[in-house]
1. Can you pull out every residue in the stretch 920-946 that is outside any strand (DSSP E or B), under 31 Å from the mean Cα position of the chain (by Cα) and either touching a residue at least 60 places away in the same chain (Cβ under 8 Å) or crowded, with 17+ Cβ neighbours inside 10 Å (or both)?
2. What residue, among those in the stretch 163-187 that are of a type in the set (D, E, K, R) and in a loop (DSSP other than H, G, I, E, B), is farthest from Val289 (Cα to Cα)?
3. I need the full set of residues from the stretch 860-896 which are among the acidic types (Asp, Glu) and either over 32 Å from the mean Cα position of the chain (by Cα) or at pLDDT below 85 (or both), in order please.
4. Name the one entry in Glu631, Glu621 that is among the acidic types (Asp, Glu) and farther than 30 Å from Leu882 by Cα.
5. Within the stretch 567-685, considering only helices (runs of 4 or more DSSP H) that don't extend past its boundaries, which have at least 1 residues that are surrounded by 20 or more Cβ atoms within 10 Å (Cβ to Cβ), of a type in the set (Ser, Thr, Tyr) and modelled with pLDDT of 90 or more?
6. Can you spot a residue in the stretch 190-204 that is without any contact (Cβ under 8 Å) to a residue 40 or more places away in the chain, closer than 21 Å to Phe400 by Cβ and surrounded by fewer than 18 Cβ atoms within 10 Å (Cβ to Cβ)?
7. Using the structure shown, decide if Thr317 is over 27 Å from Asn80 (Cβ atoms) and touching a residue at least 12 places away in the same chain (Cβ under 8 Å).
8. Name the pairs: first residue in the stretch 737-766 and more than 29 Å from Ser792 (Cβ to Cβ), second residue among the β-branched types (Val, Ile, Thr) and at pLDDT 80 or above, Cβ to Cβ under 6 Å, at least 6 apart or on different chains?
Amino acid sequence: MCDIERMFHQFHVKAEDQDYLRFLWWENGDLEAQPSIYRMKVHLFGAASSPGCANYGLKHLAAEGRGHFSEDTIKFIHRNFYVDDGLSSVASKGQAIQLVKEARELCRTGKLRLHKFISNSKEVLAAIPKEECAEAAKDLDMALGELHMERALGVQWCVASDEFQFRVVVKENPLTRRGVLSTVASVYDPLGFVAPFILVGKQILQQMCRDKLSWDDALPDDLRPLWEFWLQDLQNLAGVKIKRCYIPSSFEVQRYELHHFSDASVSGYGECSYLRAVSASNEVHCSLVMGKSRVAPTKVTTIPRLELSAAVVAVRTSDMLKKELEVDCLREFFWTDSKVVLGYINNEARRFHVYVANRVEHIKQSTESAQWMYVASGENPADHASRGLTAEQLVASNWFTGPDLLWQKELPSGVVKVGEIASSDPELKKAQVHDTQAKEVRSLLDRLHKFSDWSRMVKAIARLKRWARETKGLKPRSCEATSLEERRDAELTIIKMVQQATLSQEMQCIQRHKETRIKDKANKLHKLGPFLDDQGVLRVGGRLTHAALHPHVKHPAVLPRDSHVSALLVKHYHERVHHQGRGMTMNALRSSGIWILGCSKAVSSHIYKCTTCRKFRRCTEQQRMADLPEERMETTPPFTYCGIDCFGPFYVKEGRKELKRYGLLLTCMCSRAVHIEMLDDLTTDAFINALRSFIAIRGTVRQIRCDQGTNFVGARREFVQALKEMDQEELKELGCEFIMNIPASSHMGGVWERQIRTIRSVLTSILEQSARQLDCSSLRTFLYEVMAVVNSRPLTTDYLNDASSPEPLTPNHILTMKSTILSPPPGKFVKEDLYLRKRWRRVQLLANNFWARWKKEYLLNLQHRQKWIKDRRNAKVNDVVLLQDDATPRNKWKLAKVIEVYPGKDGRVRRLKLLISDSTLDGKGKRISKPVHLERPIQKTVTLLEAD
């Protein structure tokens with residue numbers, strides 16, 4: 001056994017990682033002074049990363065030494081170190097001396113120093129420099145004085161006698177649950193040598209947990225005697241001595257066997273493993289390798305389940321020991337005194353409930369059923385691990401030596417006949433089996449539904465008929481393609497199968513020389529004069545018997561409309577005529593000898609669903625016209641709700657320069673009044689200035705609707721940013737909301753688009769009066785004149801030809817009376833107020849008259865829809881569409897997929913979010929560029945494939 005001196009400090013930290021190990025240092029402990037900043041260049045004690053990094057470095061050192069040192073030395077460095085402690089056992093003193101020498105040399109290559117050597121051999125210690133030995137080995141003669149004890153990875157090792165011992169120093173812990181746990185945990189026994197003794201202490205602690213005692217509650221009176229007795233007996237563990245070597249030095253081993261015993265009781269369960277060595281002279285030696293004991297769960301558990309849990313512990317111990325012992329050709333045996341467990345292991349895991357099934361499956365993954373044997377309870381040493389023993393009973397028992405059956409020269413067979421598990425066993429799953437005999441009958445015609453193409457179907461049937469003839473020996477085998485005659489024969493075969501499945505009654509009537517039913521409105525077959533030809537195919541009689549045509553064209557074969565074969569024929573001939581209309585497709589069918597009953601509807605249905613035809617001829621989508629927004633029906637002051645748009649350009653003369661000017665139209669949503677401002681250009685700044693001028697003249701605006709012109713989008717962005725910086729109370733009073741239509745949807749702004757047309761017609765007539773080119777002031781004057789003309793137009797055509805009717809209602813009726821007071825003043829206004837001198841009452845009466853006439857004469861005229869009257873199918877997510885682009889030919893319109901829909905208040909979809917297709921892909925079929933998403937109205941899309 002040895003140790004690496006200051007192991008963590010021997011491994012340096014990379015320069016770029018040293019900043020993670022910074023620390024502050026106050027000189028002389030003066031916390032008032034400025035601290036110095038240091039960083040560790042080596043791994044330090046206490047860091048979580050240090051053990052892993054140091055072990056990696058040690059294993060790397062071993063790998064570097066491969067080829068220069070013996071394999072035993074490499075293995076010792078690589079596998080026999082736990083952090084900085086090395087521990088190994090060899091067969092002879094010479095091997096030990098050589099191992100120490102090479103290990104020191106190998107570590108020296110990595111600037112590591114091995115020291116604190118200790119060995120149970122004086123010769124080995126004598127071969128090592130004294131300064132490299134442990135302190136006890138330097139000063140104490142192992143032949144004289146008290147036996148020297150050394151800690152080997154926490155276990156007490158008597159160097160002189162080469163035995164493991166226990167020296168427990170009992171601390172004065174309080175008689176509470178906390179103190180009991182501290183005392184029980186202080187007995188360090190990783191190999192389970194005294195597991196039966198420790199089990200008794202664990203049982204006392206478990207009983208305190210069952211009684212729900214808190215950590216500092218005193219020990220109950222019924223448990224105090226048991227605990228005091230266990231504490232006194234704890235001193236007797238000093239008499240327990242376990243030989244470090246599994247076999248005597250003079251024992252020549254021929255083979256090794258590993259035997260695992262498991263057992264359980266109501267209070268606990270456990271296992272013990274023994275190494276059985278057999279010599280060439282058939283002598284046997286047995287010794288304990290490892291033991292485990294556990295208290296039973298506090299939840300009530302059946303004995304068979306505890307026995308099965310003990311068996312699982314034995315299997316896990318076996319997996320660990322096989323890896324650590326490194327014994328070649330090691331045979332293993334598993335012993336249990338539970339026939340129920342043996343029955344579980346010899347059955348399928350899926351027969352049991354989850355608890356048993358999981359554990360049986362775990363056992364079967366590591367062992368074979370033949371490895372499990374039965375042992376009587378009296379001979380099972382694992383019984384001690386399940387019940388517990390005192391120190392004296394432990395030394396006197398067979399716990400360390402194993403049962404007598406292992407010391408026999410021949411092992412008992414241990415084979416016990418395990419009967420079938422009783423149906424009353426609670427762990428057996430109860431399954432109800434319903435035996436249902438079903439036979440799927442599918443005709444050849446049903447299997448033809450797998451085909452989506454008429455040509456492939458004909459080739460498959462032709463190939464099938466050829467194979468049938470070849471199987472019967474009527475034709476030699478051939479791998480050539482089917483001939484034209486074979487395909488024609490296959491077509492007739494398919495047609496006959498369809499007719500026999502759907503028109504069998506009509507064919508039987510014809511065979512009996514009876515006429516078909518006269519009142520057959522569904523297929524109108526009686527009008528065709530049907531007959532059966534010599535091949536049994538139902539054909540049209542008709543009136544073309546004497547025509548100079550092919551017999552199959554004069555008398556085409558009859559097929560029903562709803563057959564899958566009929567659909568494939570329609571698709572086939574529709575593609576042959578290059579997706580022409582219904583008439584050409586029907587002519588192609590009948591000229592090929594096919595007469596489909598109700599052919600017109602079948603062809604029309606196919607053309608409607610044909611993706612190619614939709615791509616070239618289908619109209620863009622429509623939806624029922626939406627209801628008017630609330631803003632157009634609310635009696636608010638003029639220009640409270642506005643729609644805006646730009647028009648132009650107009651060319652003006654400034655000195656010698658010819659400049660462009662534009663008009664900005666603002667129309668009231670309810671009164672249809674207009675306001676026009678001139679723009680110097682289409683920038684955001686010009687628009688904002690014009691909007692400020694408009695608000696200064698007409699008053700505040702609550703809502704503005706517009707399209708997504710760049711100047712409008714920029715103004716909206718600047719307004720939002722400016723409003724964030726304003727006081728929130730002022731914002732509520734002055735706030736102006738922008739509502740923008742989706743791109744490419746000019747029909748959604750018809751309110752202002754129609755006004756622009758009116759303005760252009762009036763402006764054209766005014767500009768004709770100007771003999772020379774206008775300047776800016778003249779253009780602004782003309783625009784105001786146009787505004788006055790448009791605002792004087794009648795809103796309705798009612799009473800225009802009636803001289804006795806009131807004056808036609810115009811936007812000027814409300815504009816000329818506009819007041820800064822938005823809400824009407826209190827009071828009742830009557831007709832006599834027209835003749836009073838109080839003008840404010842006269843103005844208010846005229847305003848009330850305007851809104852009353854506006855509701856009767858104008859608003860009610862907006863009731864009916866001019867177009868888009870019918871309800872259409874709502875677009876859905878995953879629909880595949882064409883995106884209309886007026887600037888490109890139709891065959892170059894891009895494909896798109898609907899990824900999101902926006903239903904209106906009435907539930908109808910008029911806006912879509914589209915993912916545009918991209919044909920530029922890399923070698924793995926992935927997009928090269930980022931996906932493009934667009935929002936568009938349905939009027940700009942053509943549906944190709946519906947998601948449903």
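1. Glu946
2. Step by step, filter the stretch 163-187, then rank; the result is Glu172.
3. Within the stretch 860-896, Asp871, Asp885, Asp886 meet the criteria.
4. Glu631
5. Helices (runs of 4 or more DSSP H) meeting the threshold: 582-591.
6. Yes, some residue in the stretch 190-204 is without any contact (Cβ under 8 Å) to a residue 40 or more places away in the chain, closer than 21 Å to Phe400 by Cβ and surrounded by fewer than 18 Cβ atoms within 10 Å (Cβ to Cβ).
7. Against the criterion (over 27 Å from Asn80 (Cβ atoms) and touching a residue at least 12 places away in the same chain (Cβ under 8 Å)), Thr317 does not qualify.
8. Matching pairs, first to second residue: Phe738/Ile704.
The values are calculated or read from the model by the stated rules, or taken from the named source; none is laboratory data. As the structure is a computational prediction, the values presented were derived from the model and not from experiment. Cβ coordinates were reconstructed from backbone atoms using ideal geometry, including for glycine residues, and neighbour counts include every protein chain displayed.
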